[in-house]
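The values are calculated or read from the model by the stated rules, or taken from the named source; none is laboratory data. Everything numeric here is computed off the predicted structure, so don't read it as measured data. Every residue, glycine among them, receives a Cβ derived from its backbone with ideal geometry; neighbour counts consider all protein chains shown. Areas reflect the complete protein model, heavy atoms only, side chains present, ligands, DNA and RNA absent. Shrake-Rupley method; radii C 1.70, N 1.55, O 1.52, S 1.80 Å.
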Amino acid sequence: MLKCLILIFCMTVFLSEINGKNILITSNELNSIINEKSFVKTYRIIEAGFGSKSKKFYEKEHIPGAIYVDVAFDSRKLSFIEYSLPNVEAWQNYLGSLGISNDHKLIIYDRSEFGFKQSSRLRYLIEIYGYNTVQILNGGYNDWIRNNYRLSSEIPQYSKEDYKVFYEPELLRIYEEIIENIESKNEILIDARNSSEYDDGHIPGALNMPYNKFFDSKTRLLKRKEELMESS
């Protein structure tokens, strides 16, 4: 599921470039605005992670001003789903308690290899449950430290905000809809797992687009649109 969300985000980036939008932010760009006086009023930097173990790394050091969001908050492990969607009311209360409002522009990062694993899930949750402007830090925490930018151990304390959720069910497909689509083929189904996993078995009709092929093996950054076009 997480690999699929990473792929969805990569494709969204590609399409957003075509439409003149930019849903990525570089470490250089973030560093250039993070100390502006209006930054805290306008933005929230979020480190996305899974549970209390990931939070310990955040508490040791993180990008200055960042708050920690557990992307597994209020999730349950189901038969075929590792992390279910959180309860609507619980999710809005959680984000509001962290000092996030619907008006804040969100900059998300994580500590995974390419910086998109937990970030992609959080971006999906924000989209299916809200309407904030969201950007993901290209390369994540690892790219930030590769650029030798400042880290902090200070945990910011923001005032509680009134965060409202607006559920967007069209961004979700359930089992029955997938079964129906196998026959109708109205939508393209993409399997974002590695090729070996795909070859071992996949949903009928699914196309294989391994998520790790979207990243540069040297820089660990998302490939540029031109590079993706060449490899497609």
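Open to solvent by less than 20 Å² (accessible area, probe 1.4 Å), among the aliphatic types (A, V, I, L, M) and without any contact (Cβ under 8 Å) to a residue 60 or more places away in the chain - does that describe any residue in the range 59-70?
Yes, that holds for at least one residue.
Could you list, in sequence order, all residues of the range 71-121 that are among the basic types (K, R) and either in contact with a Cys (Cβ under 9 Å, 6 or more places away or on another chain) or free of Cβ contacts under 8 Å to residues at least 60 places away in the same chain (or both)? Give the steps one after another, and end with the answer.
Taking the range 71-121 as the starting set, the residues that turn out to be among the basic types (K, R) are 76-77, 105, 111, 117, 121.
R76, K77 - these are the residues of the range 71-121 that are among the basic types (K, R) and either in contact with a Cys (Cβ under 9 Å, 6 or more places away or on another chain) or free of Cβ contacts under 8 Å to residues at least 60 places away in the same chain (or both).
Looking only at residues that are under 15 Å from R173 (Cα atoms), assigned to a loop (DSSP other than H, G, I, E, B) and of a type in the set (A, V, I, L, M, F, W, C) in the range 183-194, which one is most open to solvent (accessible area, probe 1.4 Å)?
Going through the qualifying residues, I end up with I188.
Take the range 96-115 and flag every residue that is of a type in the set (F, W, Y) and out of contact with any strand residue (DSSP E or B) (no Cβ under 6 Å at 6 or more places or on another chain). Step through it out loud before you land on a result.
Quick first cut of the range 96-115, residues of a type in the set (F, W, Y) only: 109, 114.
Within the range 96-115, no residue meets the criteria.
Starting from residues that are under 25 Å from N102 (Cβ atoms) and of a type in the set (S, T, N, Q), keep the ones in the range 42-79 and report whichever is modelled with the highest pLDDT. Even if it seems obvious, please write down each step before you answer.
The initial filter retains those residues of the range 42-79 that are under 25 Å from N102 (Cβ atoms), namely 42-50, 55, 58, 62-75.
With the extra rule that they be of a type in the set (S, T, N, Q), the set shrinks to 42, 75.
Numbers: T42: 96, S75: 84.
Looking at the filtered set, the residue picked out is T42.
Report the residue count in the range 71-84 for those that are out of contact with any Lys or Arg (no Cβ under 8 Å at 6 or more places or on another chain) and open to solvent by less than 50 Å² (accessible area, probe 1.4 Å). Break it down into steps so the answer makes sense when it comes.
We begin by selecting, within the range 71-84, every residue out of contact with any Lys or Arg (no Cβ under 8 Å at 6 or more places or on another chain); these are 72-82.
Next cut, open to solvent by less than 50 Å² (accessible area, probe 1.4 Å) only: 72, 75.
Matching residues across the range 71-84 total 2.
Of these, E170, E227, E197, which one is open to solvent by less than 60 Å² (accessible area, probe 1.4 Å), outside any loop (DSSP other than H, G, I, E, B) and either free of Cβ contacts under 8 Å to residues at least 12 places away in the same chain or within 30 Å of E59 (Cβ to Cβ) (or both)? It would help to see each step written out before you state the result.
Values: E170 fails: open to solvent by less than 60 Å² (accessible area, probe 1.4 Å); E197 fails: open to solvent by less than 60 Å² (accessible area, probe 1.4 Å).
None of the others qualify; the one that does is E227.
Among the numbered criteria (1) more than 29 Å from Q135 (Cβ to Cβ); (2) outside any helix (DSSP H, G or I); (3) open to solvent by less than 80 Å² (accessible area, probe 1.4 Å), which one does P204 miss?
It is condition (3) that P204 fails.
Answer yes or no: is there a residue in the range 151-167 that is modelled with pLDDT under 90 and not in a helix (DSSP H, G or I).
Step one: filter the range 151-167 for residues modelled with pLDDT under 90, giving 166-167.
With the extra rule that they be not in a helix (DSSP H, G or I), the set shrinks to 166-167.
So far as the range 151-167 goes, yes, one or more of its residues are modelled with pLDDT under 90 and not in a helix (DSSP H, G or I).
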